[in-house]
Each structure stands twice: as structure tokens, then as C-alpha cells.
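Just below is one structure, and these are the notes that go with it.
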Amino acid sequence: MKALVFAAALLAAEADTLALYQAGKYEQAAAAGAKEATAPGYALAARAALADAAAKSPCLECLARAAGLARKSIAADPELADGHVYLAVSLGYQARIIGPVRAKLGAYPEEAKRNLDKALAADPKNAWALAALGGWNVEIVRGGGATLARWLYGASIETGLEHFAAAFKAAPDNPVLRYQFALSLGGLDLDRYRGKVADALTRAAGIEPQTAYEKFAQARARALLAALKKNDREGFDRLVRRDQGYP
């Protein structure tokens, strides 16, 4: 009986934490998730910390906090995909702030890839993991070129596009994934991928947001789309760089 009561209390706490996150109360959600001291609680706390970091970017301290919470989730349950996803995402954003040399020396790309692989091994249809891996491939190519990316990491644009397509199939009504896709390709080569970027931003702008973070991402997608329609390349590039978290 006590076990059932405890389990019910945990579920209630998780629901409360999720409600805080969905409402955009990220500090409260992160604190509540950490207080649960469970793998899902720590993972949701990490997600909230990442959402908070997006609004404050660049914020290395915010991202380090998210990574720490994600690591606690992984330690509590290595089979829960979410902790691995949020750690990988945090590492990716941190790499942009500290620069490619320090990121490479710290093996950030390798650690991010390992965690995304573990996330997909645990949950092959996890849309966030698929999109993050798509972004990882694009980012590796952007940073080192197609040949070096394939040689050092086995990364390619083709693989990135495949992962993004799988993410859209898994979560067709998620505006954040479309927005992230547009950021990835827009930051890589807008001239080459303009059609895909415009389509993704248009879709992101038209999907009904379900959470405060989705509303935030949609507003940024609409700003990018407006710059694209005006052929304001300088403004578009500036927004992409800001949204990707570069200092």
C-alpha cells in the first residue's frame, strides 16, 4: 500500500513539474524536477533549464546547469532517452560558445553523438533525438566541411536530412523541430537550401503551439520567415546566429 501511495505521489509531482514547464515557468520547473530526484524529474528539469537558456543565450552557466541535470537523469536511469538528448543538446550549444578548438579538445562532438545514439537505442522513434542527431550531422559538416566531417565523424548532410525527416514523421505537429531544421540549414547554406528553409519556417509558423516554449520558438520562426520574405539576408543571418546561441 505504501509503495502505491509513493508511486502516486511521484506521478502527481511529475504532472505538476510538467505543467510548470508547459506554462513557461522554467526556474520553478527545474527546481521541482530536481526535487523529485528521479530520472524523469531530472530530465524535465534539464529540459526546463535548456528552455530558459534559449531565452538568455548565450549563457554558458545556464547550459552547464542543464547538462548537470541531464547527467543526473542518466545516472538514475541510463535507459531513459530524454536525459541523453538534453545532455547532447546542451553540449552542442556550449560548443558554439566556447568555440570549435576547445569543443574538440573537450570531445564535445563525440560525447554528444554517443548520447544521441544511446537515446535512439532506448527509443528509436524519439523525435527530439532524431532531430538533434540531424542537427549534429549538419553542424559537423558546417564546422569542418563535408570531407572532413565524413572522415572524422561519419557525418553528412544526407544523413542529417534523413534524421530530420524521421523526426517530422514521428512528431508532425511539433513547430520546434521545423524551426530547428530551418536554423540548421539556414546556418549552413541558405542559398542552397532556401526552399527547404522557407518550407520549414512556414510550417513552424502555422502549427498551433502547445507549450510556452513552442510559442517562443514559433515567434522566432516567424521573425526568420519575415526576414527571408523581405530578402533581408543580413537580418536573417543575424537572427540565425542569435537563435543558434553564438556569442
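The values are calculated or read from the model by the stated rules, or taken from the named source; none is laboratory data. Not measured: the values here are computed from a predicted model. No Cβ is skipped: glycine too gets one built from the backbone with ideal geometry, and neighbour counts run over all protein chains shown.
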Checklist entry - Inside region 186-205, can you point out the residues that are aliphatic (A, V, I, L, M) and either under 27 Å from residue 120 (Cα atoms) or touching a strand residue (DSSP E or B) at 6+ places or on another chain (Cβ under 8 Å) (or both)? => result 188, 197, 200, 201, 204
Next on the checklist: Restricting to region 17-30, give me the number of residues that are under 18 Å from residue 82 (Cβ atoms), in contact (Cβ under 8 Å) with a residue 12 or more places away in the chain and among the hydrophobic types (A, V, I, L, M, F, W, C).
Outcome noted: 4
Next on the checklist: Among (1) surrounded by 14 or more Cβ atoms within 10 Å (Cβ to Cβ); (2) part of a loop (DSSP other than H, G, I, E, B), there is one condition residue 208 misses while meeting the rest; what is its number?
Outcome noted: (1)
Checklist entry - If you check every pair at least six apart or on different chains, which have Cβ atoms under 9 Å apart with a residue in region 229-246 that is in a helix (DSSP H, G or I) first and a residue that is modelled with pLDDT of 95 or more and loosely packed, with under 12 Cβ neighbours inside 10 Å second? => result 236/230
Checklist entry - Hey, among 190, 183, which residue is under 17 Å from residue 138 (Cα atoms), more than 20 Å from the chain's Cα centre (by Cα) and either touching a residue at least 12 places away in the same chain (Cβ under 8 Å) or surrounded by fewer than 20 Cβ atoms within 10 Å (Cβ to Cβ) (or both)? => result 190
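Table: residues versus (1) hydrophobic (A, V, I, L, M, F, W, C); (2) closer than 25 Å to residue 95 by Cα; (3) touching a strand residue (DSSP E or B) at 6+ places or on another chain (Cβ under 7 Å).
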residue	(1), (2), (3)
139	no, yes, no
161	yes, yes, no
184	no, yes, no
207	yes, no, no
238	no, yes, no
Checklist entry - If we scan region 171-187, do we find a residue that is over 28 Å from residue 26 (Cα atoms) and not in a helix (DSSP H, G or I)? => result no
Item to check | Those residues of region 105-139 which are in a helix (DSSP H, G or I), surrounded by fewer than 22 Cβ atoms within 10 Å (Cβ to Cβ) and not basic (Lys, Arg), in sequence order | outcome: 105, 108, 110, 111, 117, 120, 121, 122, 127
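Let's see how each residue does on (1) farther than 21 Å from residue 114 by Cα; (2) at pLDDT 95 or above; (3) not basic (Lys, Arg):
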{"position": "133", "(1), (2), (3)": "no, yes, yes"}
{"position": "144", "(1), (2), (3)": "no, no, yes"}
{"position": "162", "(1), (2), (3)": "no, yes, yes"}
{"position": "202", "(1), (2), (3)": "yes, yes, yes"}
{"position": "208", "(1), (2), (3)": "yes, yes, yes"}
{"position": "212", "(1), (2), (3)": "yes, yes, yes"}
{"position": "217", "(1), (2), (3)": "yes, yes, yes"}
{"position": "234", "(1), (2), (3)": "yes, yes, yes"}
{"position": "241", "(1), (2), (3)": "yes, yes, no"}
Checklist entry - Looking at 92, 83, 160, 145, which one is over 19 Å from residue 188 (Cβ atoms) and either without any contact (Cβ under 8 Å) to a residue 12 or more places away in the chain or crowded, with 18+ Cβ neighbours inside 10 Å (or both)? => result 83
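Here is a yes/no grid of residues against (1) modelled with pLDDT of 95 or more; (2) surrounded by fewer than 16 Cβ atoms within 10 Å (Cβ to Cβ); (3) within 17 Å of the chain's Cα centre (by Cα):
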| site | (1), (2), (3) |
| --- | --- |
| 6 | no, yes, no |
| 14 | no, no, no |
| 20 | yes, no, no |
| 25 | yes, no, no |
| 29 | yes, no, no |
| 49 | yes, no, yes |
Checklist entry - How many residues are closer than 30 Å to residue 238 by Cβ, part of a helix (DSSP H, G or I) and in contact (Cβ under 8 Å) with a residue 12 or more places away in the chain when one looks only at region 37-80? => result 18
Item to check | Odd one out for residue 57 among (1) surrounded by 14 or more Cβ atoms within 10 Å (Cβ to Cβ); (2) at pLDDT below 95; (3) more than 22 Å from residue 128 (Cα to Cα); (4) out of contact with any helix residue (DSSP H, G or I) (no Cβ under 7 Å at 6 or more places or on another chain) | outcome: (3)
Item to check | Residue satisfying condition, being among the β-branched types (Val, Ile, Thr), at pLDDT 95 or above and surrounded by fewer than 17 Cβ atoms within 10 Å (Cβ to Cβ), within set 74, 97 | outcome: 97
